[in-house]
Amino acid sequence: MPSENIIAPQLRIIAADHQSESRVHYKTILPGLGYKLLSVAQTGRELIEQCRHHGPDLVIADCKLPDMDVLDAAEEVCRAGRLPFIVTADVFDPQQMMRNETNHVWAYLIKPINSRHLEAVIPFVLHRFKKMQARFLEIKALRIEVNNGLETGVNGVRISPGVCLK
């Protein structure tokens, strides 16, 4: 149950869709599942501005925003920091799905989307995203440790980058 979600109990979401019915649908479904819907955008530009303004935890966006490609919008939004996107589409498009295999898109849903779809996919995406964030922090710490080791060297002997010790 999302309302019992241990990852983000009051998850903050922004949705974007060119269809007014879908925007109204999100306004009903997401709060009903216990999520906080920060705003609903109609265009890619609105989505970017709303994300900058509100700083959501998750974005749900249609692949056909009228003014820009959803992946371009995701790239712009994620310049400020990693954020998971769930992309929606009216019909299954294998090419679009392959294009969605970026660091920002974590799920691809075909409309019509109901509460059961979101109830299942949102915790799944958040769990995987949290695990990925932990891995990035581990890698960052290891890089710092390796760089510090290269600078100080072993037993005070400086090691040049690119040198392999056996």
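Scanning the range 94-108 for residues that are surrounded by fewer than 18 Cβ atoms within 10 Å (Cβ to Cβ) and at pLDDT 70 or above returns a single hit, 95. Suppose we keep only residues that are under 19 Å from residue 107 (Cα atoms) and free of Cβ contacts under 8 Å to residues at least 40 places away in the same chain within the range 6-39. Which one would you say is surrounded by the fewest Cβ atoms within 10 Å (Cβ to Cβ)? By that ranking, first place goes to 23.
In this structure, is residue 39 in contact with a His (Cβ under 7 Å, 6 or more places away or on another chain) and not acidic (Asp, Glu)? The answer is yes for residue 39.
Just one of the listed residues (90, 69) is surrounded by fewer than 18 Cβ atoms within 10 Å (Cβ to Cβ), of a type in the set (Asp, Glu), more than 18 Å from residue 113 (Cβ to Cβ) and at pLDDT below 95, namely 69.
The single condition from (1) farther than 16 Å from residue 23 by Cβ; (2) at pLDDT below 95; (3) of a type in the set (A, V, I, L, M); (4) in contact with a helix residue (DSSP H, G or I) (Cβ under 9 Å, 6 or more places away or on another chain) that residue 48 fails is (2).
Residue 4 meets the conditions (1) modelled with pLDDT of 95 or more; (2) within 27 Å of residue 135 (Cα to Cα) in every case but one. The failed one is (1).
The values are calculated or read from the model by the stated rules, or taken from the named source; none is laboratory data. As the structure is a prediction and not an experimental result, all values here were calculated from the model. Quick reminder, even Gly has a Cβ in these numbers, built from the backbone with ideal geometry, and neighbours come from all protein chains shown.
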